[in-house]
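Since the structure comes first, as structure tokens, the remarks are kept for the end.
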Amino acid sequence: MAQSALFGRYWPGKSLVHKLDPRMKLTGVVIAMVAIFLAKSYAALGVAALFVAAFFLVARIPFGQAFKSIAPLLFIVLLTAFLNLFFVQSGEVYAQAGPFVISQGGIDSAIFLSIRLTLLLLCASLLTLTTTSIDLTDAFESMLGPFARFGFPAHEFAMVMGIALRFLPQFMDELGTIRAAQLSRGAHVSANPFHGGMQGLSSLMVPLFTSAFRHAETLSNGMDARCYHGGVGRTRLEPLAFSTRDLVAVVVLLSMVACVIATNILATL
Amino acid sequence: MIEFKNVWYSYNPHAANKTEANKEAKDTQKTQADWGNAPDSSWALEDVSFSVQDGEFLGIAGHTGSGKSTLVQHMNGLLVPTRGQVLVDGVDIANKQAAADARKQVGLVFQYPEHQLFAASVYEDVAFGPRNMGMPEEEMDSIVREALELVDLDFEALRDVSPFELSGGQQRRVALAGVLAMRPATLILDEPAAGLDPAARRELLALVQRFHTELNTTIVLISHNMDDLAHLCDRILVLNKGRVHAFGEPARVFIDPVAMKNIGLDVPSAQRVANLLKAQDLLLPVPSSGLFTPGNLVETLVKAYKEGF
């Protein structure tokens with residue numbers, strides 16, 4: 001019920017972006033982020049923004065949904081903008097109140113960083129919007145595979161991550177129920193320790209933790225019952241495979257980096 | 001008295017208002033089950049009006065997702081109607097203060113209440129509610145003792161025991177005592193017997209019935225078991241897709257087995273047997289209550305057998 005607030009919840013679809021190999025998408029997001037970080041001017045950021053917008057268009061995710069999925073994290077953007085506004089001091093001074101100075105440099109970096117951060121968040125949310133958590137953990141496992149040679153538990157690591165992702169919405173739901181139940185008993189579930197807050201808080205956290213342990217026990221029994229024995233010798237119904245689509249994606253992403261760099265150079269000429 | 005006046009509720013009011021214009025058209029096109037609520041449905045409750053009388057035993061039935069739990073969370077102000085009003089003793093409980101006051105009157109026991117236990121001892125857990133309500137600390141011993149005795153638990157033996165060391169059935173009783181300790185005039189129970197074995201289930205329902213008769217507590221009971229509802233309740237509210245499907249005495253609610261089946265529910269088993277017999281052209285005289293219970297079904301059958309069919 002309250003799940004809509006979760007960051008980048010999977011948005012079912014059959015678009016080109018949905019069908020990309022998850023490993024490709026994971027790498028692609030990193031490449032796109034590098035491109036965004038490389039942008040030195042508004043023009044270059046604009047170019048990057050055009051690419052990101054194009055990705056969302058191809059993925060057929062409505063823009064409203066895109067912004068809704070990053071809304072819970074927008075406060076980070078606002079905080080960064082706010083800090084930059086006051087702590088970057090250069091150029092013309094517009095207003096001054098005691099130690100607080102608003103200058104041209106502050107405004108510039110506040111706006112620039114908010115756009116950059118928003119684009120980064122959009123990129124990350126595109127990944128989770130178009131990739132199921134199972135695909136994502138499979139991709140992680142496959143990409144961590146080489147490290148398994150040095151004793152790194154790649155499969156277990158991916159499994160733990162997958163389970164964590166799977167249970168996040170569940171715990172959100174349960175926390176909602178526990179909260180409602182304790183509210184019904186007149187609990188003050190604010191974080192204010194002077195208002196019965198500590199007991200109010202423990203009345204939420206203790207049941208949540210016991211429920212986590214209960215789930216863990218049930219889950220491990222369930223895995224035992226299905227003869228789970230780790231990743232060794234396990235095969236897949238649908239093995240991950242690269243295709244031409246992924247090649248196209250690589251080309252598009254590299255051209256994004258190239259375009260951003262080109263705009264940077266053009267701007268300095 | 002708890003009064004619902006044209007209550008509409010949506011978990012996503014913004015979208016609900018937006019899509020309402022073309023909702024009618026959409027609804028007719030969609031193919032879906034005849035019961036429950038589609039997950040993308042805008043309204044969890046639609047135009048619900050009824051009232052719970054003081055001292056009554058009200059049952060609430062409905063298929064999974066029909067809005068039962070959403071409905072009862074309106075009764076103590078946990079949820080606030082998107083449209084319409086909920087009045088507790090004549091006071092609209094939409095604002096926070098009114099809701100906090102209503103929670104002293106209306107105790108709500110959620111499904112699997114033992115999952116909400118948290119304190120280090122049974123005593124502390126049961127005293128949590130009364131303390132929040134500001135009940136005097138010097139009376140706390142007697143309040144907790146009384147609440148535990150109401151659920152047939154031994155105060156002296158259990159007061160310092162951790163609730164997590166108790167059996168599942170005992171944990172549920174402790175959780176129930178935690179709500180009873182607030183001395184609510186109305187007690188709402190969401191599937192109180194879920195997951196219990198038949199013996200524990202009977203005991204628990206007998207307890208609930210005792211609160212009703214001995215303490216004169218108004219009871220609202222959500223249950224999937226039509227036999228329990230028919231047996232215990234003065235009136236039954238049947239929900240379907242967030243709307244009131246039927247409301248009234250058990251005999252009136254269970255009169256139409258086909259309508260009940262269409263919304264994924266059943267009629268009490270004795271009545272079902274009588275209906276099956278009727279389908280075989282064995283007409284039994286309808287009892288004065290209008291509803292067959294195991295007791296009067298046997299009596300009627302014996303009588304019919306002796307007199308010859």
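Results, tabulated for the structure shown:
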| read-out | value |
| --- | --- |
| Listed residues B:Leu265, B:Thr213, B:Pro192: farthest to the positive end of the dipole of chain B (Cβ charges) | B:Leu265 |
| Where only C-alpha atoms are counted, convex hull volume of the protein assembly as shown per residue in Å³ | 249 Å³ |
| Long-range Cα-Cα pairs in the stretch B:100-235 (distance over 20 Å), rounded percent | 42 percent |
| Chain B: C-alpha pair distances exceeding 36 Å, % | 26 percent |
| Over 24 Å (Cα to Cα) - which of A:Lys25/A:Lys68; A:Lys68/B:Lys96; A:Lys40/A:Lys68 fall in this group | A:Lys68/B:Lys96; A:Lys40/A:Lys68 |
| Point-charge dipole on Cβ atoms (K/R +1, D/E -1) for chain B, about Cα centre, debye to 20 | 1160 debye |
| Scaled radius of gyration (Cα, divided by 2.2 N^0.38 Å) that chain A gives | 1.26 |
| Packing-based exposure ordering (other Cβ within 10 Å, fewest first) of B:Val238, A:Val252 | A:Val252, B:Val238 |
| Shape call, the stretch B:268-309: gyration tensor on alpha carbons, a/c limit 1.5 | oblate |
| Inter-chain shielding of B:107-116 (mean C-beta neighbours from other protein chains, 10 Å cut-off) | 5 |
| Value at 222 nm in deg cm²/dmol, rounded to 500, when DSSP H runs of n ≥ 4 in the protein assembly as shown each add -39,500 (n - 2.57) | -17500 deg cm²/dmol |
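Every number in this text was worked out from the coordinates using simple rules, so none of it is lab data. Please read these numbers as outputs of a predicted model, since none were measured by experiment. No Cβ is skipped: glycine too gets one built from the backbone with ideal geometry, and neighbour counts run over all protein chains shown.
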